[in-house]
Every structure is written in structure tokens, then in C-alpha cells.
1. Using the Cα gyration tensor of segment 53-115, with a ≥ b ≥ c the square roots of its eigenvalues, what is the shape: rounded (a/c below 1.5), prolate (a/b larger than b/c) or oblate (neither)?
2. Can you tell me how much longer the chain between SER304 and PHE224 gets when fully stretched, taken as 0.36 nm per residue apart minus their C-alpha distance, in nm with one decimal?
3. At 0.36 nm per residue, minus the direct Cα-Cα distance, what do GLU294 and ASP173 gain on full extension? Give it in nm, one decimal, please.
4. Can you tell which of ILE221, ILE62, ILE282 shows the greatest fluctuation in a Gaussian network model of the chain with Cα springs below 10 Å?
5. Could you work out which residue, out of ALA269, ALA140, ALA398, moves most in a Gaussian network model of the chain, that is, has the largest mean-square fluctuation with Cα springs under 10 Å?
6. Taking the Cβ of THR230 as the centre, find all other residues whose Cβ is under 9 Å away and add up their charges (Lys, Arg: +1; Asp, Glu: -1).
7. What's the longest piece of the chain with no exposed GluC sites (Glu not before Pro), counting a site as exposed if DSSP puts it in a loop and it has at most 12 other beta carbons within 10 Å?
8. Please turn the phi angles of segment 175-180 into ³J(HN,Hα) values with the Karplus equation 6.51 cos²θ - 1.76 cosθ + 1.60 (θ = phi - 60°), one per residue in order, whole Hz, x for glycine and proline.
Amino acid sequence: MARYLKKGKDASESPATDARMRATVEQILSDIEKRGDVAVREYSERFDKWSPESFRMSDEEIDKAISLVPKRDLEDIRFAQAQIRRFAEKQRECLTDLEVETLDGVVLGHRQVPVKAVGCYVPGGAYPLVASAHMGAITARVAGVARVVAAAPPTQGKPHPATIAAMHLGGVDEILVLGGAQAIGAMAIGTESIAPVDMVVGPGNIFVAEAKRQLYGRVGIDLFAGPTETMLIADDSVDGELCAIDLLGQAEHGPTTLAVLITTSERLARDTMSEIERQLGILPTAQIARQSWEDWGEIIVCESDEEMLQVADQLAYEHVQVMTRDPEYFLNNMKNYGALFLGPRTNVAYGDKVIGTNHTLPTNRAARYTGGLWVGSFLKTLTYQRVLSDEASASIGAYCSRLCAIENFAGHAEQANIRVRRYGKSHVAPYGVAG
């Protein structure tokens, strides 16, 4: 039986999207639809104190921003983008068109068609998530998206140079220095100066997430993302120092980040708790990490790998790091997770920043039914059919007519009947059916 050595708040206590915030976002989106650029500018001034001549950066402004990025940082951005691009390309190779003759004269198929235009949101604030520029833009480009727009809020009153560099090097067509729900609305709805997109992706704060929720259906989105979640599955083959670092390394995301250790070793569990207290004394982001850990952190002791698997699949976390003697057991048997990190040599930060898999992942137990953003997210699998012979059309038509009759769809049935009459061997209308 699994035991909690430390239990966090109940998930129902997590800050939810309240009515006031929903109404604020609804007003922003409605205003953008009515007043376009004027509304976008007003909200940008109000929330970010940012009102440039144009929210879209010119080539000269982009070059100037990139010139401010240290050479080593640019090299590291290019390295990370190369890994993300390489993995996305391999994923794309798996997604092939299909055509098959299922019956004599009946050909069915599908084509993988990219979304035409995508907007990628890149968060700013205390943590400018440069990596989100790679994850959205590069993956969309590899999928074949024709137009990629990216938006990020200003940082300390100006474009964040490394973020702009990542957008540009990632192949973005239009870079907007614009944040929050107004950025999502501008890209999804469109204004006089910003053509609308067909899909919006990328993480963001609760206002960004709510804007995506309200616009879903009008445009496609990637995920309804909540606070970051990190799970460690570990046994006594690793130590408390490593576990503490990997938990706190994600807890610094924000005060509502969820971090949990699931282990078969009570000694490791207690060592990890002691190490967390020690490291919180020296971690530069300890103020945020401590609140996150104290409010939401959990440590669960299980009796076996099988029980750890059961608990982990029930929680269905965004990131799952496995540091056990047999990590392959979890790879082969675990079903509900956003991304899996196997063995002590890897960790969630690698996935977040550089290793090549996408870091836009399901939260709030959505891993039970979906994976994260990937190249396939930007592709539409579109089917088609072709009937090559009179005999095939008449044969399928007869089946279709009878099936339509079961459902009392007379018009549907007549679509089939006319083809039975025209293409059947006798070319004579069935008794009682008008010619």
C-alpha cells in the first residue's frame, strides 16, 4: 500500500480560472475583434507598458536584437535547434501518405497536409522561455507550415534578444513583440496589420491559457496547459542529492508547480527531504521553489515497482523521470505521461531545453488521452476515395442503400440508388424507385 511521507494540497485547491479572469479575457478578445489594432495597442500599453510604432519587428530591428546576443549563446541556440529539428524530421518521416485498394475498384487513401498558418506564443516575464521558440516554430516548419508567426512580450521594456534570435533562427516569418491574451487574440482573430492564423500553440500564463480555451474551435490549439508537473520514480540505486536537485530544478517554475517523488526506499525518501531543505538554503530561486515544494510537493513510498507504476499511471504527470535499476520496465509498461526520461544520466531540463523532444506537454492528467506537441500536431490527415469501375460503384451502392434504409435516410439512400441504376449490370431502376 502506497504511503505518503509528504502530501501536498488537494488538486481542487489549485488556483482555477475564476469568473473575473474569464470575463477579462472574453472582453479582450471581443474588443480585438471589434477594434483590431487599436484595442491590441491599448491592452499592450495597459498590461506591458509597451506601445511601439509597430508590434511586428522589422528586419533591421531583428538584426539589432540578434547582435546583442553573445556568440556562445547563439551557438547554443543553434545546437538546441539542430536537435529539435533532427528529431522532428525523423517523426515527419513516419507520417506517410496512404493509398490502398480495399475492394476491386475501390481505392481509399489519405494525405498528410500541413496547417497553412500557425501562431507560436513564447512566454516572457521572470523566465523568458527561449526554448519555446524552438519547440513551436521549428516543429511547425518541419511539418511544412507555410506561414509561422511568433509572439513574445517585451522583457524590461524591450524585445528579449535571445528570444528574438531563437525565433529568427527557427524560421519564423513574422515576429511580434506582444504578450498575453492580446497576443493570442491578435494572432487568432487578426487585425488590420496582423493576418489571422489557423492554429495557436505554446505555453503561457493563465490569461494566455484562457484565451486559447475561448478561441478553441475558431482556431486549433495544442493543449490546455496548467502548472508544470514533475514526477521522479526512483529506488535506492540513486541518492537523495540527485533526487532533490531534479525536484527543485522544476519546482522553480512557479509557486503552483507540482513535484512528486515515488520510491520503494523510505531511506531515499527521507534523504531527499533533508537534501531539499539543504538545497533550498543555497538555490537562487529558492523563494519560488520553496513555496511550490511546501504547498504541492509530495513523497510517496511504494512496496514494489509494480505499485510505483500503478500510482504513476494514475497521476498521469507531464514529466516522468525514472531512476531505477530497471527503467525499461516503466518504458514498456507505463501508459500515462507527457514525456519519459530514463536513467540518472538524463533529466527533465534536457527535454525542456536541448535534447530534441518537444517540451510542450499535457498537464492536469490530460496524458491519459493525449501526448504533447509534435510534428503531427501541425498536420491534417485528410482522407479521399475513388471508385474505379461501374461494378464497384453498384456493389457498394447496394450495401449503402440498405444501410441508409435502416436509419430512415431516404435522401442518402437515393444517392446510392441512382448509382446502382446507372452503373449496375441491368442499368434498370429497381422496382418502385423513380428513374
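1. oblate
2. Computed gain between SER304 and PHE224 is 25.5 nm.
3. 39.2 nm
4. ILE282
5. ALA398
6. -3
7. Numbers: sites that count: GLU53, GLU192, GLU303, GLU407.
Within the chain, the longest run free of exposed GluC sites (Glu not before Pro) spans 54-191.
8. 10, 10, 8, 7, x, x
The values are calculated or read from the model by the stated rules, or taken from the named source; none is laboratory data. Remember, predicted model here, so these are calculated numbers, not experimental data. So basically every Cβ, Gly included, is an ideal-geometry build from the backbone, and we count neighbours across all protein chains shown. Protein only, heavy atoms only, side chains kept; ligands, DNA and RNA dropped before computing areas. Shrake-Rupley method; radii C 1.70, N 1.55, O 1.52, S 1.80 Å.
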